[in-house]
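So the structure is just underneath, and the comments pick up after that.
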């Protein structure tokens with residue numbers, strides 16, 4: 001079994017991340033899924049959420065929707081809005097919470113509302129982490 | 001015949017013009033590098049998008065349940081031309097060559113009896129096209145205030161276009177922009193956005209059996225609108241790099257022309273100065289001889 005996956009996170013502005021990892025969790029529209037080596041080829045639409053990278057550098061990346069492609073021992077995440085969580089400053093997180101909350105309030109269907117609320121919660125978690133120990137771990141995606 | 005003083009004034013004015021054009025050339029060169037980097041950084045995303053869409057798109061092209069963004073509305077009576085140009089002039093034929101391409105296309109369509117609507121992105125294209133197609137321009141977008149074109153700008157335009165499509169305001173959308181080939185060569189290009197077009201040759205390379213989540217249709221539905229924005233974004237970046245390239249060349253020419261003019265004027269100036277000295281000498285000598 002192949003241990004390593006090649007992960008690429010690409011946004012329209014730049015290639016955000018390109019490295020070998022052991023596992024990566026992606027926020028698929030139908031639910032999060034984790035990809036490890038020898039995964040079957042999958043193409044999935046993403047909802048806004050966080051990509052969690054394990055092995056190599058542990059990393060959390062915020063993606064604002066997009067899609068992921070798994071093929072040939074490689075994961076490609078194409079996200080319109082992608083940023084490393086460690087690049088967010090506190091003020092920016094607060095702003096992101098405010099926008100996400102607005103979206104949650106404006107959402108019409110229950111599913112949309114849930115999805116948006118999840119983002120609000122993730123950002124709030126992120127904020128507490130930043131407050132306590134710097135941007136390292138975010139829980140409760 | 002201009003006097004010595006006139007010549008002197010003209011030389012100094014051309015000299016200061018030359019200084020300005022030289023500075024503009026250097027600014028364009030610096031901006032060009034940044035614009036080129038931005039265009040290169042955006043390439044992986046667009047390329048990936050292309051491969052995924054081409055595979056899916058070709059499989060779906062002939063099916064009856066293909067999304068409208070892919071199959072079109074079944075008519076081609078209403079055409080939308082999205083003309084992307086720069087917001088500033090002083091870059092040679094850059095803007096006018098894009099506008100010319102769009103104009104020819106629009107004239108062709110009008111001759112065939114189709115309805116043409118135009119959205120201009122960038123002020124210069126609007127300036128040129130509104131002289132000819134004033135009633136056809138439905139929207140003019142200016143990115144003048146935007147320092148660095150971001151994906152959000154393209155998305156905004158893309159959403160506008162998609163909303164128009166949903167409302168049935170056009171059947172075919174074509175994007176006009178300038179492809180950045182090199183610093184000295186930009187190629188005005190027309191690209192059909194809606195219905196989406198794919199190159200057949202690129203398709204058969206990847207024939208992996210993907211599992212699609214949620215489903216092929218859902219992914220296609222999701223990707224096609226995004227693709228519109230991505231293509232517009234790419235066009236804007238290519239334009240940005242092209243504009244700077246064209247400006248650099250234009251300003252380089254202007255600087256050289258100013259140099260030539262200064263040489264010519266200086267020669268003229270010196271000739272006249274000598275002629276005047278000779279004239280004064282002759283006056284003195286003939287005055288002395290008369291005594």
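Any read-out appearing in this document is the output of simple, stated calculations on the displayed coordinates, not a laboratory observation. Fair warning: this is a prediction, and the values are worked out from it, not measured in the lab. Every residue, glycine among them, receives a Cβ derived from its backbone with ideal geometry; neighbour counts consider all protein chains shown.
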If one takes the longest principal axis of the Cα atoms in chain B, at what angle in degrees, from 0 to 90 and to the nearest 10, does the Cα axis of helix B:123-132 lie? 90
With the contact rule set at Cα under 8 Å and sequence spacing of 6 or more, what percent relative contact order holds for chain B? 32
Please identify, among B:280, B:156, B:216, the residue showing maximal mean-square fluctuation in a Gaussian network model of chain B using a 10 angstrom Cα cutoff. B:280
Taking neighbour Cβ counts within 10 Å as the exposure measure, how do A:67, B:198 sort from fewest upward? B:198, A:67
Among B:242, B:74, B:150, which one moves the most in a GNM of chain B with springs linking Cα atoms closer than 10 Å? B:74
Relative contact order (%) - criterion: Cα under 8 Å, at least six apart; region: chain A: 19
Listed residues B:253, B:107, B:268; largest mean-square fluctuation, Gaussian network over chain B with Cα springs below 10 Å, found at B:268
Which shape class, rounded, prolate or oblate, goes with the protein assembly as shown when its Cα gyration tensor gives a ≥ b ≥ c as root eigenvalues, a/c under 1.5 marks rounded, and past that a/b bigger than b/c marks prolate? prolate
P(r) for chain A, please, calculated from all Cα pair distances in 10 Å bins and given in %. 12, 42, 34, 11, 1
Where the convex hull is taken over the Cα atoms of region B:98-180, what is its projected area averaged over directions, in nm²? 6.0
Just want the ordering: B:185, B:16, B:96, from fewest to most Cβ atoms lying within 10 Å of their own Cβ. B:16, B:185, B:96
Just to confirm the number: angle between the C-alpha axis of helix A:110-133 and the first principal axis of chain A, 0 to 90 degrees, nearest 10? 90
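Taking 0.36 nm per residue of sequence separation and subtracting the Cα-Cα distance, how much length would be gained by fully extending the chain between residue B:9 and residue B:167, in nm to one decimal?
This chain segment gains 50.8 nm when fully extended.
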Roughly what % antiparallel, to the nearest 5, for the DSSP beta bridges in chain B? 35
Treating each Cα of chain B as an identical point scatterer and ignoring solvent, apply the Debye formula and state log10 I(q)/I(0) at q = 0.10, 0.11, 0.12, 0.14 Å⁻¹. -0.65, -0.74, -0.84, -1.04
Would you mind giving the average projected area, over all directions, of the Cα convex hull of region A:13-76 in nm² with one decimal? 4.0
